[in-house]
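The values are calculated or read from the model by the stated rules, or taken from the named source; none is laboratory data. Remember, it's a predicted structure, so these values are computed and weren't measured experimentally. Quick reminder, even Gly has a Cβ in these numbers, built from the backbone with ideal geometry, and neighbours come from all protein chains shown. The area values use the complete protein model at the heavy-atom level, side chains included, leaving out ligands, DNA and RNA. Shrake-Rupley method; radii C 1.70, N 1.55, O 1.52, S 1.80 Å.
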Amino acid sequence: MNKTRAILMMLGIVIGFSGSCGISASAGVVSLEASAGISEKPVSEVSDWWVNGAMGKIKTQDELMYEESEDSSDQQSHSAERAAEVTFDHQYENGMEYAVIRGQAADGQNLWSLTTGSYEAVQLARVCEVGIWGDFYCYSENGTVIAVNLTDGTEVWRNTDFGGASASSCMSTELLFICGYFGPDVMVLDQNGRTVQRIDSLNSDYYWPYELSFADGKLAITYEYTPSGQPETLYLDINDWSCTGGQGSSSAASSDPMEAVIMVSATSFLIEYEYNFRHDPENICDGILNTAWIEGVDGNGEGESVTFIFNKEQTLSGFRICNGFQKDESLYYKNGRPAVLKLTFSDDSTALYEISDSMSQQTIAFDREVTTDYVTVAILSVYQGSAYQDTAISELNFY
């Protein structure tokens, strides 16, 4: 279709809708019929005009093309702009977690946005930020590492080999390093999203990697659980994948069984969505009375439980408990407190213990020593809270 014919067709549409004009063409002449009369123009002349309004306001085609060129140039410049910053808005809502990710220009203007999938909120975060890496922005979602274009937020690649949660990461120019809190200890990807290396565990005595850094060809991985009972760092040489650092296996068994705890899990835990705050099971043994494990089901929480898993069998004589939510006295009584606990051990033996309604630490001795590699502590009955149907334990430690 040539330019003149296209303009004639578009003129016919505009004038036809105006109700006051008509258009016809024959033998190279265009007739414009308007309420004021009839005029004729050669087709070649009409092709240089454009109707802009129902009652005869017109712009030259050159004027219109100039304006379109300016608009197109602005849009092209805007669409080609690379995000200078990316925000990662992690949300918890109605028992689910997701994230809204926005690419922003240097002046703070949003260039693009995307929303991840929504997943049931559990102990570990399933949606995590990785960060800007070259021309990409990367994040992990339900065990998959995803890279999107910084210009428009479109997906560039995804790698499903990761499988981890509560991810930590760092980058070099060519490689992306990422770990999951419960494993893998390290995964290495190249800029095309391909797996270079994946190692589930670097050392069986080290658990819960939570921080990565890279320098001089070595990846530093810091672990929360170690033989010393304090955070330690192992170093992975990416040239031969050899691992150094740390103390290795402890030569003597620790007298504190809590140092052998490698995982604390629960049947439920409370998430306060309005504050984006979680009362995780790990709070029950973090040594801080301002935090607590709080069960997360409807009702008072009877039947809910928390499980301590040890790295090997431990011989236990009893436990110490700080009942309820002991952040302050008001919250202690507003929330529920366990009245009777049921403990289950790895040999399937069980025992019931009555707990006092007191903010003082209580020491409960077993009738006999128990050797076990896990303990499940279940709430059988509660002292009801004055304001909330949420039952809490601030601290529980075995000895």
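Using a 1.4 Å probe on the protein heavy atoms, what percent of the accessible area of the stretch 318-399 belongs to carbon and sulfur?
The nonpolar share, carbon plus sulfur, comes to 42 percent.
5 Å is the cut-off here: which amide hydrogens, built 1.01 Å from N in the peptide plane, fall below it relative to I262, excluding neighbours closer than 5 in sequence?
Close amide H contacts, sequence-distant or interchain: I309, F310, N311.
Please list R337, R278, R126 in order of solvent-accessible area, largest first, computed with a 1.4 Å probe with all protein chains present.
Ranked list, largest accessible area first: R126, R278, R337.
Just to confirm my numbers, what's the Cα centroid distance between the stretch 90-133 and the stretch 352-399 in Å?
37 Å
Can you give me the distance in nm between label points at N142 and Q389, each placed 7 Å from the Cα along the Cα-to-Cβ direction?
3.1 nm
Net charge within 10 Å of Y207 by Cβ-Cβ distance, Lys/Arg positive one each and Asp/Glu negative one each, not counting Y207 itself? Please list the in-between numbers first.
Values: positive: none; negative: D185, D205, E224.
The answer is -3.
With a point put 7 Å past each Cα toward its Cβ, work out how far S381 is from D107 in nm, to one decimal.
6.8 nm
Could you work out the equivalent-ellipsoid semi-axes for the stretch 132-279, taking the square root of 5 times each eigenvalue of the Cα gyration tensor, largest first, in whole Å?
29, 22, 11
Over the stretch 266-362, one equal point on each Cα, no solvent: what is log10 I(q)/I(0) by the Debye formula at q = 0.21 Å⁻¹?
Result of the Debye calculation: -1.30.
Using the Karplus equation 6.51 cos²θ - 1.76 cosθ + 1.60 (θ = phi - 60°), what ³J(HN,Hα) coupling, rounded to whole Hz, does each residue of the stretch 385-399 give in order, writing x for Gly and Pro?
x, 6, 10, 10, 9, 10, 9, 10, 10, 6, 9, 8, 9, 8, 9
Which net charge results for the neighbourhood of N192, defined as the other residues with beta-carbon distances under 14 angstrom from its beta-carbon, given Lys and Arg at +1 and Asp and Glu at -1?
For residues surrounding N192, the net value is -3.
Using the Karplus equation 6.51 cos²θ - 1.76 cosθ + 1.60 (θ = phi - 60°), what ³J(HN,Hα) coupling, rounded to whole Hz, does each residue of the stretch 275-288 give in order, writing x for Gly and Pro?
Karplus values, whole Hz, x for Gly and Pro: 10, 6, 10, 10, 9, 5, x, 4, 4, 5, 9, 8, x, 10.
By how many nm would the segment from E155 to Q362 grow when fully extended, if each residue of separation counts as 0.36 nm and the alpha-carbon distance is taken off?
69.1 nm
Under 11 Å from the Cβ of V382, count the other residues' Cβ atoms, weight Lys and Arg +1, Asp and Glu -1, and hand me the total.
Details: positive: R337; negative: E295, E302, E304, D357, D390.
Value of the local net charge: -4.
Say R0 is 41 Å: what FRET efficiency, to the nearest 0.05, do Y275 and E313 get from their beta-carbon distance?
Efficiency, rounded to the nearest 0.05: 0.55.
Any idea of the accessible area per residue across the stretch 140-277, 1.4 Å probe, to the nearest Å²? Intermediate results must be reported in sequence, preceding the final value.
Working: 6480 Å² over 138 residues.
With the other protein chains kept in place, the stretch 140-277 gives 47 Å² per residue.
Where the accessible area of the stretch 135-176 is counted over protein heavy atoms with a 1.4 Å probe, how much of it, in %, is carbon and sulfur?
39 percent
Provide the gained length on full extension for the span D328 to L289, in nm with one decimal, where the gain is 0.36 nm per separating residue minus the Cα-Cα distance.
13.1 nm
In whole Hz and in residue order, list the ³J(HN,Hα) couplings for the stretch 326-333 that follow from phi through the Karplus curve 6.51 cos²θ - 1.76 cosθ + 1.60, θ = phi - 60°; x for Gly and Pro.
In residue order, the calculated couplings are 9, 4, 7, 5, 4, 5, 4, 7 Hz.
Estimate the FRET efficiency between Q230 and F182 by the formula 1/(1 + (r/R0)^6), using the beta-carbon distance for r and 22 Å for R0, to the nearest 0.05. Provide the component values of the computation, followed by the final result.
Numbers: r = 20 Å, r/R0 = 0.91.
Calculated transfer efficiency: 0.65.
Figure the gain on full extension for V122 and V100 (residue separation times 0.36 nm, minus the Cα-Cα span) and round it to one decimal in nm.
Working it through step by step, the gained length comes to 6.1 nm.
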